[in-house]
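The values are calculated or read from the model by the stated rules, or taken from the named source; none is laboratory data. Being a predicted model, the structure only gives us computed values, none of them experimental. All Cβ positions, glycine included, derive from the backbone under ideal geometry; neighbour counts span all protein chains shown. Surface areas here come from the heavy atoms of the whole protein model, side chains and all, with no ligands, DNA or RNA. Shrake-Rupley method; radii C 1.70, N 1.55, O 1.52, S 1.80 Å.
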Amino acid sequence: MKKILLTLTICLISALAAKANYMPFYSEAIPNSALGVYQTVGEIKVYSAPQDNANVKFCLKTDYNNEMPEGVFAAFVPEKKLSFLYVTDVGDSWIEVIYDKNKNLRGWVKLTDPLLFNSWMTFYNLYGRKYGLKLMKDLPSDYKVLKSAPEDDAQVVSRINYPTKINLTALRGNWALVSVLDMDKTPKTGYLKWRSTNGDIYAFPEIK
């Protein structure tokens, strides 16, 4: 009975906490350990272990009509009814997610629908190609270029100054084939390095 009351309390606190529309703007907001994202739907219970009888650490009921918990989502876009948690490990029918980014708290969610988990490649192919990409505000200057091939030593085709639109065509590992419309209205096409070899992500789907 005490365990049930504790679970209900956690759910209630989560439902009352506040969080507005959120998208990451800096690479440090995305953990290097993240393998992709989990799309939240309905009520989600986060367990201490990948087992049905494990303790419930956190309970989240996704609601696009009201404010949501702070520090939870990788991205939360009520207008599109889309919300995601970072995924850091994947099992047979369970995934480990980060449910508190500020404290780096993690737990396990039972994967009832495999389509709700998106590896980075799947996520970018689905949402990056649909909405385009946005560059992180801490993008290093040597990444603000388009290259002729998905290689560090490839020829620089053009520099990116103040992009107004970045359309994603395809992914090649840490490289993205993109078409960029800069402020000067000149279209530019080439390979953008969207992720460093250390796992730092510098371009994210612009879901809006």
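Points worth noting:
- Check on V46, modelled with pLDDT of 95 or more, more than 11 Å from the chain's Cα centre (by Cα) and of a type in the set (A, V, I, L, M, F, W, C): yes
- Residue check, F76 assigned to a strand (DSSP E or B), under 19 Å from Y22 (Cβ atoms) and within 15 Å of the chain's Cα centre (by Cα): yes
- Of all positions in the stretch 61-70, none carries a residue that is modelled with pLDDT of 95 or more, in a strand (DSSP E or B) and either surrounded by fewer than 22 Cβ atoms within 10 Å (Cβ to Cβ) or β-branched (V, I, T) (or both).
- The set of residues from the stretch 39-60 being touching a residue at least 40 places away in the same chain (Cβ under 8 Å), touching a Cys at 6+ places or on another chain (Cβ under 8 Å) and either in a loop (DSSP other than H, G, I, E, B) or open to solvent by 60 Å² or more (accessible area, probe 1.4 Å) (or both) comprises just one member, K45.
Conditions (1) open to solvent by 40 Å² or more (accessible area, probe 1.4 Å); (2) in contact with a strand residue (DSSP E or B) (Cβ under 6 Å, 6 or more places away or on another chain), marked per residue:
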position	(1), (2)
F73	no, yes
L82	no, no
D100	no, no
F117	yes, yes
Y127	no, yes
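- Scanning the stretch 84-98 for residues that are open to solvent by 10 Å² or more (accessible area, probe 1.4 Å) and within 17 Å of W120 (Cα to Cα), we see that the one that is farthest from the chain's Cα centre (by Cα) is G91.
- Picking from residues in the stretch 159-187 that are modelled with pLDDT under 95 and crowded, with 16+ Cβ neighbours inside 10 Å, the one that is nearest to the chain's Cα centre (by Cα) is P163.
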